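**Q** Provided herewith is a single structure, encoded as structure tokens, for subsequent inquiry.
The values are calculated or read from the model by the stated rules, or taken from the named source; none is laboratory data. Bear in mind the structure is a predicted one, so any value in this text is a computation, not a measurement. All Cβ positions, glycine included, derive from the backbone under ideal geometry; neighbour counts span all protein chains shown.
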Amino acid sequence: MVSRTTDDYETLSKMGCAAMSEPAFWAGFDRGSVDGFRDYFRQLTEVEPKRAAAYGIQHFTWLCINAKEAENVELSREVMAMIPEFLDASNVLGIGEIGLNKNTKNEAIVFQEHVELALRYEQLILIHTPHLEDKFQGTNMILDMLDENQVEPDRVLVDHVEEHTVREVLERGFWAGMTLYPISKCTPPRAVDMIELYGPEKLCVNSAGDWGPSKPTAVPDLILEMRRRGHGENLIRQVVYENPKSFFSQSKNFSLIEPSARAQPF
Ligand SMILES: [Zn+2]
């Protein structure tokens, strides 16, 4: 949301969005210093919650240095050493989105050190899996590293799953997220296909909302597609509301004000 307009908050609120979780991610350019990240984390923990609250939306976030910037191991270590300054902020759910981009050795080093950080501070973990040709191999590398570190699968959500990775993620006990994109990754119809194939257990869906082509309102698009195919409201509610709520509730910082109990801005 740091790269979205206030209009997006207003639109999402009108569509029934109760809460959102924003991962720390790549800004579209490599940041040059640890202070650049410190300012970014202040934006995620101080500024965005206020922007969201103005439209009746609760804002939660995750902290890390992303895989695209992890080639710079020295800077990554400075950022990881600074993260604990922010872990007590009231909207922080955990460490993420960490993962791999091109499946390099340096990315794997920084990934493992993030996992150690999450375990040391009892944080949930949000995982970014690589794109396109690197996704299958990268996802397996990530799941193996999590197993080696004896991370409880229930405390990890593996994001951007697609048809060739979703089964493995779910079978190994992790939560899986399908990211809806207008031009790449997963579309709403493909996501509904996967819900039909694998069932709704531990399966979540999220919209891309960044500085590139993306559509924050893609979750309502998925809801529409599910209704179009005749799926019941209970199944829809489980995927878009109850599942993320169950996963996030493992964080001490997550307390959701049920929509019926909150003041409606409109
Ligand atoms: Zn990602």
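**Q** Could you list, in sequence order, the residues of region 110-119 that are among the aliphatic types (A, V, I, L, M) and either surrounded by 19 or more Cβ atoms within 10 Å (Cβ to Cβ) or within 13 Å of the ligand (Cβ to nearest atom) (or both)?
**A** Passing the criteria: Val110, Val115, Leu117, Ala118.
**Q** Within region 204-237, how many residues turn out to be hydrophobic (A, V, I, L, M, F, W, C) and within 18 Å of the chain's Cα centre (by Cα)?
**A** Number satisfying all stated conditions: 7.
**Q** For region 18-37, name all the residues that are crowded, with 16+ Cβ neighbours inside 10 Å and farther than 26 Å from Ser260 by Cβ.
**A** So the first thing to find is which residues in region 18-37 are crowded, with 16+ Cβ neighbours inside 10 Å, and the list is 18-27, 31, 34, 37.
Scanning region 18-37 gives Pro23, Ala24, Phe25, Trp26, Ala27, Arg31, Val34, Phe37.
**Q** Assess whether Tyr198 counts as being over 23 Å from Ser90 (Cα atoms), within 16 Å of the ligand (Cβ to nearest atom) and either at pLDDT below 95 or of a type in the set (Ser, Thr, Tyr) (or both).
**A** No.
**Q** Tell me the residue from Glu168, Glu107, Glu122 that is in a loop (DSSP other than H, G, I, E, B) and either buried (at least 16 other Cβ atoms within 10 Å of the Cβ) or at pLDDT 95 or above (or both), please.
**A** Matching residue, one of Glu168, Glu107, Glu122: Glu122.
**Q** Yes or no: Ile57 surrounded by fewer than 22 Cβ atoms within 10 Å (Cβ to Cβ), in contact with a strand residue (DSSP E or B) (Cβ under 8 Å, 6 or more places away or on another chain), at pLDDT 95 or above and on the phi < 0 side of the Ramachandran plot? I'd like the intermediate steps shown before the answer.
**A** Values: surrounded by fewer than 22 Cβ atoms within 10 Å (Cβ to Cβ): yes; in contact with a strand residue (DSSP E or B) (Cβ under 8 Å, 6 or more places away or on another chain): yes; at pLDDT 95 or above: yes; on the phi < 0 side of the Ramachandran plot: yes.
The answer is yes for Ile57.
**Q** Being buried (at least 22 other Cβ atoms within 10 Å of the Cβ) and either under 20 Å from Ser214 (Cβ atoms) or of a type outside the set (Lys, Arg) (or both) narrows it down to one of Met80, Met15, Met1, so name that one.
**A** Details: Met80 fails: buried (at least 22 other Cβ atoms within 10 Å of the Cβ); Met15 fails: buried (at least 22 other Cβ atoms within 10 Å of the Cβ).
None of the other options fit; the residue is Met1.
**Q** Restricting attention to region 125-150, and to residues there that are more than 12 Å from the ligand (Cβ to nearest atom) and assigned to a loop (DSSP other than H, G, I, E, B), which single residue is surrounded by the most Cβ atoms within 10 Å (Cβ to Cβ)?
**A** Here the residue is Asn149.
**Q** Filtering region 151-165 down to residues that are under 14 Å from the mean Cα position of the chain (by Cα) and part of a loop (DSSP other than H, G, I, E, B), which residue is nearest to the ligand (Cβ to nearest atom)?
**A** Taking region 151-165 as the starting set, the residues that turn out to be under 14 Å from the mean Cα position of the chain (by Cα) are 155-161.
Checking the rest, the ones that are also part of a loop (DSSP other than H, G, I, E, B) come to 160-161.
Working: His160: 6, Val161: 11 Å.
Restricting to residues being under 14 Å from the mean Cα position of the chain (by Cα) and part of a loop (DSSP other than H, G, I, E, B), the top hit is His160.
**Q** Something else about it: Looking at Ala261, is it surrounded by fewer than 12 Cβ atoms within 10 Å (Cβ to Cβ) and aliphatic (A, V, I, L, M)?
**A** So Ala261 passes the test.
**Q** Also, quick follow-up: If you take the residues of region 236-258 that are closer than 17 Å to Asp193 by Cα and touching a helix residue (DSSP H, G or I) at 6+ places or on another chain (Cβ under 7 Å), which of them is surrounded by the fewest Cβ atoms within 10 Å (Cβ to Cβ)?
**A** Ile236
**Q** Anything in region 210-230 that is buried (at least 16 other Cβ atoms within 10 Å of the Cβ) and without any contact (Cβ under 8 Å) to a residue 24 or more places away in the chain? List them, or say none.
**A** Once the filter is applied, which keeps residues that are buried (at least 16 other Cβ atoms within 10 Å of the Cβ) and without any contact (Cβ under 8 Å) to a residue 24 or more places away in the chain, region 210-230 yields only Ile223.
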